[in-house]
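A quick write-up on the structure given underneath.
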Amino acid sequence: MLRASEPADRALVIDLYSSPDVHAFLGGPRPRDELEREVPPVPGQRAGYFVVDLDAAAIGTVSMTRRDPERRGHLPGSVAEVELSYLFLPETWGRGYATEACSAALGWLADVLPGEPVVLCTQTANESSMRLAERLGFSEVDRFEEFGAEQWFGVRHPDPVGRLRP
């Protein structure tokens, strides 16, 4: 289940961002004490930010944000595409939760912004994330070097009636 963030989710966000496993392909974990100071009381209070619940326990986050125009990787003629991002607790990996949650978030976006393409960027070394991008219907647009690693940049285009392709 996707839901809006609540005060109790602050601990989840700190766990996700300080985890060496979660951030193995995201530049490494952040120091927990730094996160304790910086994470707001209710993280991610905005449209497009979802906490993923499984049996009433928060297991991850899915986010739709505009890609930073200063970063590499953009569609031709665009500079601020909607980008799909996700983080899940390691103990939940490999069970299909990311596929299900990201699919639901993509469905939400198709209703909110019909016709909007969505981009996703991941390290090519992150094989699990590459497989997820394929399952979600993303196709490769570019590869480039960023953060000291090769990045895969893909897009998922809406179909003619405005719904994103499965």
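Here is how the numbers come out for the structure above:
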| read-out | value |
| --- | --- |
| Elements of type strands (runs of 3 or more DSSP E) in segment 42-110, at least 2 residues being more than 19 Å from His23 (Cα to Cα) | 49-54, 57-66 |
| Residue ID - farthest from Ala104 (Cα to Cα), chosen from residues in segment 1-19 that are in a loop (DSSP other than H, G, I, E, B) and without any contact (Cβ under 8 Å) to a residue 60 or more places away in the chain | Glu6 |
| Selection from segment 25-41 of residues that are free of Cβ contacts under 8 Å to residues at least 12 places away in the same chain and part of a helix (DSSP H, G or I) | Asp33, Glu34, Arg37, Glu38 |
| Segment 84-108 residues that are without any contact (Cβ under 8 Å) to a residue 60 or more places away in the chain, paired with ones that are exposed (fewer than 15 other Cβ atoms within 10 Å of the Cβ) (beta carbon under 6 Å, 6 or more apart) | Thr99/Arg135 |
| Residues (surrounded by fewer than 15 Cβ atoms within 10 Å (Cβ to Cβ), within 17 Å of Val52 (Cβ to Cβ) and among the hydroxyl-bearing types (Ser, Thr, Tyr)) located in segment 66-118 | Thr99 |
| Residue check, Asp9 surrounded by 17 or more Cβ atoms within 10 Å (Cβ to Cβ), among the charged types (D, E, K, R) and under 21 Å from Ala101 (Cα atoms) | yes |
| Residue match in segment 119-135 (condition: within 22 Å of Asp68 (Cβ to Cβ), at pLDDT below 95 and either surrounded by fewer than 16 Cβ atoms within 10 Å (Cβ to Cβ) or in contact with a Pro (Cβ under 9 Å, 6 or more places away or on another chain) (or both)) | no |
| Any chance Val22 is touching a Pro at 6+ places or on another chain (Cβ under 8 Å) and either without any contact (Cβ under 8 Å) to a residue 24 or more places away in the chain or farther than 18 Å from Val155 by Cβ (or both) | yes |
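The values are calculated or read from the model by the stated rules, or taken from the named source; none is laboratory data. Fair warning: this is a prediction, and the values are worked out from it, not measured in the lab. No Cβ is skipped: glycine too gets one built from the backbone with ideal geometry, and neighbour counts run over all protein chains shown.
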